[in-house]
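One structure is given here, and the rest of the page talks about it.
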């Protein structure tokens, strides 16, 4: 669990350095829960899927269902992860608890306007609820 938390912290720092506000464990309208989602000033949405090891990647293949809900998508792994098994057409971030470094840029895939509005409103509501409750997860 500590490895996942460390990668998550680095992924959040990566997004924050790019000007994104971040939330963890965000549920999409298709009932899939993303590990990290970011929203920037332009309203662009970036989703990061955290993978702590090879078995984690092999056992969880829900990530393609996230692609219709973001402008950018990337995997975040630690430096020991076998990078060659990850899809080459998706972004890649190497992360630890201190930082995230982009190894492969995520491709821009413009999100549908009505879906962007829906996700942005939900992002705002969840962020406000978490602030009120003093939690990163609601």
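Rule-based calculations on the coordinates, nothing more; no lab input. Because the structure is a prediction, the values reported are computed rather than measured. Please note: Cβ atoms are built from the backbone with ideal geometry, for glycine as well, and neighbour counts cover all protein chains shown.
With contacts taken as Cα pairs under 8 Å at a separation of at least 6 residues, the chain carries a relative contact order of 25 percent. FRET efficiency for residue 32 and residue 108, Cβ-Cβ distance as r, R0 = 22 Å, nearest 0.05? Efficiency for this residue pair is about 0.55.
Could you compute the FRET efficiency for residue 60 and residue 101, with r as their C-beta to C-beta distance and R0 at 25 Å, rounded to 0.05? The computed FRET efficiency comes out at 0.60.
Counting every other Cβ atom within 10 Å of each residue's Cβ, 50, 126, 37 order from fewest to most as 126, 50, 37. Enumerate the residues in segment 103-127 having an amide nitrogen under 13 Å from the point lying 7 Å beyond the Cα of residue 18 toward its Cβ. So the set is 103-110. Rounded, prolate or oblate: which fits segment 16-98, taking a ≥ b ≥ c as square roots of the Cα gyration tensor eigenvalues, rounded meaning a/c under 1.5, else prolate when a/b beats b/c? Oblate, because a/c is 1.5 or more while a/b does not exceed b/c. Axis of helix 2-17 versus longest Cα principal axis of the chain: the two differ by about 60°, to the nearest ten degrees. Model label points for residue 41 and residue 5, set 7 angstrom from Cα along the Cα-to-Cβ axis, are 3.3 nm apart. Helix 113-133 and the long axis of the chain differ in direction by around 90°, with both axes built from C-alpha atoms. Counting only DSSP beta bridges with both residues in the chain, tell me the antiparallel percent, nearest 5. So the antiparallel bridges in the chain amount to around 60 percent.
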